[in-house]
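Written out below as structure tokens is the structure these notes cover.
The values are calculated or read from the model by the stated rules, or taken from the named source; none is laboratory data. Remember, predicted model here, so these are calculated numbers, not experimental data. Here the Cβ positions follow ideal geometry from the backbone for every residue, glycine too, while neighbour counts run over all protein chains shown. Calculation scope for accessible area: heavy atoms of the full protein, side chains included, ligands and nucleic acids excluded. Shrake-Rupley method; radii C 1.70, N 1.55, O 1.52, S 1.80 Å.
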Amino acid sequence: VLSGRLPAIVTTALRLNEPRYVTLPNIMKAKKKPLENVKPADLGVDVAPRLKTLKVAEPAGRKAGIKVADVAALVDKLKNEAKVI
């Protein structure tokens, strides 16, 4: 974290965010390293559920759309049936 007074100019290198690819020897070394299993209680973390699902329901189905022949028919349907214009 850097802090400074504004206005400020920040520059970065061209290849700053290039991923490093893993080589085969390093993959083989990683396979041999032991993994340590740690339980949440050992770290002092409470993993009890805090949310309760009351109800799960499928949303209502949508009506099928209609095709109109031209723009005039579309405007007429929007005015008279949908009442949005």
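Just the residues that are modelled with pLDDT under 90 and of a type in the set (K, R), please, taken from region 6-47. Answer for region 6-47, where residues must be modelled with pLDDT under 90 and of a type in the set (K, R): R15, R20. Residues that are among the β-branched types (V, I, T) and in a loop (DSSP other than H, G, I, E, B) are absent from region 70-82.
Of all the listed residues (N37, N26), the sole one being on the phi < 0 side of the Ramachandran plot and open to solvent by 100 Å² or more (accessible area, probe 1.4 Å) is N37. Against the test of being in contact with a Pro (Cβ under 7 Å, 6 or more places away or on another chain), open to solvent by 100 Å² or more (accessible area, probe 1.4 Å) and not in a helix (DSSP H, G or I), the options V47, V1, V56, V10 yield a single qualifying residue, V47.
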